[in-house]
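First the structure, in the form of structure tokens, and then the observations on it.
Quick note: the coordinates plus some simple rules give every number you see, no bench work behind them. Not measured: the values here are computed from a predicted model. Positions of Cβ are backbone-derived with ideal geometry, glycine not excepted, and every protein chain shown enters the neighbour counts.
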Ligand SMILES: [Cu+2]
């Protein structure tokens, strides 16, 4: 009989849950340990003391709560045995609810004041400001609802706790209440969604809008390749079948517009000019991410796409604002694309038009000597037309 009591389905399920929790934690620890030593041949050491520590703390807290509960229960029974009134559990629960409310509200306040500034840096692009406005409006509205409902919920729990002196009022249905709490959120949500829809449309439906500079951003494991158009302002066409060791992007040099294209290392952008990033990937999915400009779009192999934006704050201005002389805007990859994913970073500098032009004139053409050799081009015939160059190539 005793044994049967000991092993019932609830206990078995609890054991199973605890086993699964430990198992997954152990697995996660192994993956973390393996990831911590990339490229090392020796077997990674499994350091799971960290995970075990937190699991043990969790069980200890559960044990502590259970012990305190038992002690209170015994105290309650002793009081009753002495003919006194026992602990008023309903009042205890009601007070716990109020404590929970106060701690929770302080927690919400703390997370906003302490961590709020860590969410996103100041927007440095024209559309970024609009995205932030939308974010602020949504946060303010949801926070008002959050504070009002939580305060009402816990205050009611406290105020209307069980009492022998009153009877509960039975309210099975009320159409007015149903209407109010269905229609009010529906109106607010519709406004938010429509507001978001138009903002998003303005940002993304920019195909026909003028763009001042066209830049190719191509992701591959594990780097970004940047290609700027030369004096003609046109990027030469590309074909993946032309990709070689020297021609990493597969630029088609049968077209004249390819000759003056530039291969650059740092992304320079003139301030207040419309930039079009042509986003491409060569192997797996990467993601172009520039948090300051509120730009993020996946780079998907075989699916060229683009993002247009206008930077509004130069790097120098941002350095003064943040009082950080080393500040740089950065282009990241925001898709876990493999072992050296974290290496996919490029410095982005927003500068004045004059600085941009002077930087541009110092950049080297994509068509370097190694590529010329590979394509059997005569050295330094920059000015030749595509047709005559092709003939040269055939002659060789
Ligand atoms: Cu990547």
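Between the C-alpha center of the stretch 216-269 and that of the stretch 73-89 there is a gap of 82 Å. Computed from Cα positions, the angle between helix 175-204 and the longest principal axis of the chain comes to roughly 20 degrees.
Taking every alpha-carbon pair under 8 Å whose residues sit at least 6 apart, the stretch 213-395 reaches a relative contact order of 24 percent. Normalised by the number of residues in the chain, the mean separation of alpha-carbon contacts (under 8 Å, six or more apart) gives a relative contact order of 14 percent. Label sites at residue 18 and residue 65, each approximated as a point 7 angstrom past Cα along Cα to Cβ, lie 1.5 nm apart. Of 190, 91, the sequence from fewest to most neighbouring Cβ atoms within 10 angstrom is 190, 91.
Shape annotation for the chain: C-alpha extents along the principal axes are 112, 58, 43 Å, from largest to smallest. Mind giving me the FRET efficiency for residue 149 and residue 80? R0 is 45 Å, r the Cβ-Cβ distance, nearest 0.05 is fine. Here the calculated transfer efficiency is 0.75. The long axis of helix 126-159 is offset from the longest Cα principal axis of the chain by roughly 10 degrees. Using a Förster distance of 30 Å, how high is the FRET efficiency between residue 126 and residue 265, based on the Cβ-Cβ distance and rounded to 0.05? For R0 = 30 Å, the calculated efficiency reads 0.70.
What length, rounded to one decimal in nm, is gained on full extension from residue 197 through to residue 173, with 0.36 nm per residue of separation minus their alpha-carbon distance? Between residue 197 and residue 173, full extension yields an extra 5.0 nm. When the P(r) is computed for the stretch 213-395, the part past 21 Å accounts for 52% of the Cα-Cα pairs.
For the peptides 14-23, 358-367, residues were scored by their other Cβ atoms within 10 Å and the scores averaged per peptide; the highest-first order is 358-367, 14-23.
Distance between the pseudo-spin-label points of residue 246 and residue 328 (7 Å out from Cα toward the beta carbon): 2.9 nm.
Taking the helices alone, the chain has a mean residue ellipticity at 222 nm of -16500 deg cm²/dmol, built from -39,500 (n - 2.57) per DSSP H run of at least 4 residues and averaged over all its residues. Taking the number of Cβ atoms within 10 Å of each Cβ as an exposure proxy, the fewest-first ranking of 290, 344, 81, 204 is 81, 204, 344, 290. Centre-to-centre separation between the Cα atoms of the stretch 193-210 and those of the stretch 109-153: 22 Å. Going from the fewest other Cβ atoms within 10 Å to the most, the residues 9, 111 appear in the order 9, 111.
To the nearest ten degrees, helix 89-115 and the longest principal axis of the Cα atoms of the chain are 20 degrees apart.
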